[in-house]
Every structure is written in structure tokens, then in C-alpha cells.
Amino acid sequence: TPKPTATPKPTATPKPTATPKPSADNTQYENSVNGLVKCAQNQLGDPYILGDEGPDSFDCSGLVHYCLNKCGIKTSRRNAYTYSQNSKWKLVESVDDLKKGDLLFFKSDTSEKVNHTAIYIGNKKFIHASASKGQVVQSSFSSYWYRNFVCGRRVFD
């Protein structure tokens with residue numbers, strides 16, 4: 001008598017793999033204050049990684065460099081201190097004189113030299129890649145930020 005053959009078990013349909021995010025971000029923003037701010041806002045939540053300049057992770061000056069270039073301000077990648085010295089951009093010496101789209105420069109409590117940069121979005125708020133928070137965040141001026149504000153630079157008149 002022939003032996004019965006085993007019925008094969010059904011195989012599971014493989015799950016589709018996620019489409020990887022493209023490494024080159026071709027998004028361009030308006031060459032304006034609003035374009036700069038919109039670019040910065042679109043990076044909120046991206047990880048902070050020292051030395052990175054996007055499109056998926058940033059350090060503070062990398063974020064500024066990325067956003068400037070994405071809205072048509074071609075500039076070399078620099079650190080926060082070097083950006084703060086750019087005399088092509090109007091110097092803003094007081095927090096009260098800041099305008100939306102200005103670049104902000106800060107020192108820390110332990111250093112007199114500029115070591116952090118951000119993009120001002122108005123109403124005493126700014127966007128920056130924060131090492132302590134581990135990502136790109138929106139912050140408000142607090143006593144720490146007021147105390148350590150060095151200057152601003154106005155890229156757009």
C-alpha cells in the first residue's frame with residue numbers, strides 16, 4: 001500500500017520592506033526669512049550627531065549650514081564661532097533687536113568663546129540642534145540663554 005504524502009505547510013507571504021529614506025534631500029526652500037525658518041522647522045526631531053550637517057542628523061552649525069544652503073545662501077561649512085564672525089551678515093547685539101530668521105550665537109557658562117548657534121523664529125524662540133536634548137529642538141530664551149547670548153547675525157535684510 002502506498003504511504004500518504006504529507007501536505008506541505010503554507011508559507012507566509014514576506015512582509016514588504018520599508019522604502020529607505022533617500023540620502024540626498026532635494027528639497028529647496030524660498031530664499032527668504034520664511035524659507036530659512038521653514039527649513040529649520042522641518043528638521044525638528046532629527047537626531048543630534050556631532051559633526052553632522054544633514055539631511056537626517058545635525059550638530060548646531062551643521063543645521064545652520066544645511067538650512068542656509070537649502071534656501072539659497074551658499075556658504076562653506078563652518079563652526080558656530082566662525083559663523084558669528086561673518087561680517088557680510090549684519091551684527092545684532094541685543095536680544096531685543098532680533099528679527100525672525102536671524103542666526104543666534106551663544107557661549108556657555110564655562111567659556112567666553114561662541115560655541116553654539118541657532119535660528120531665531122520670533123517671539124523669543126529659536127530652533128537648534130541640542131547636544132543635551134539629543135535632537136533638533138525649539139527652545140525659548142531662558143535665563144541661561146539670555147546670560148550666554150553673544151550676538152546675532154542678520155542674513156536677510
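Whole-Hz Karplus values for the stretch 116-121 come out as 8, 9, 8, 10, 6, 10 Hz, taken residue by residue from phi with 6.51 cos²θ - 1.76 cosθ + 1.60 and θ = phi - 60°; glycine and proline positions read x.
Could you sort out which of 74/124; 100/124; 38/70; 38/125; 74/99; 100/125 sit more than 18 Å apart by Cα distance in this structure? The pairs that break the limit, which is 18 Å between Cα atoms, are 74/124; 74/99.
Taking only the C-alpha atoms of the stretch 60-157, the Rg (one decimal) and the largest Cα-Cα distance, Dmax (whole number), read 12.2, 35 Å. For residue 97 and residue 56, a Förster radius of 25 Å and the Cβ-Cβ distance give a FRET efficiency of 0.15, rounded to the nearest 0.05.
Just so you know, all these numbers are worked out from the coordinates, no wet-lab data involved. No experiment lies behind these values; they were computed from the predicted model shown. All Cβ positions, glycine included, derive from the backbone under ideal geometry; neighbour counts span all protein chains shown.
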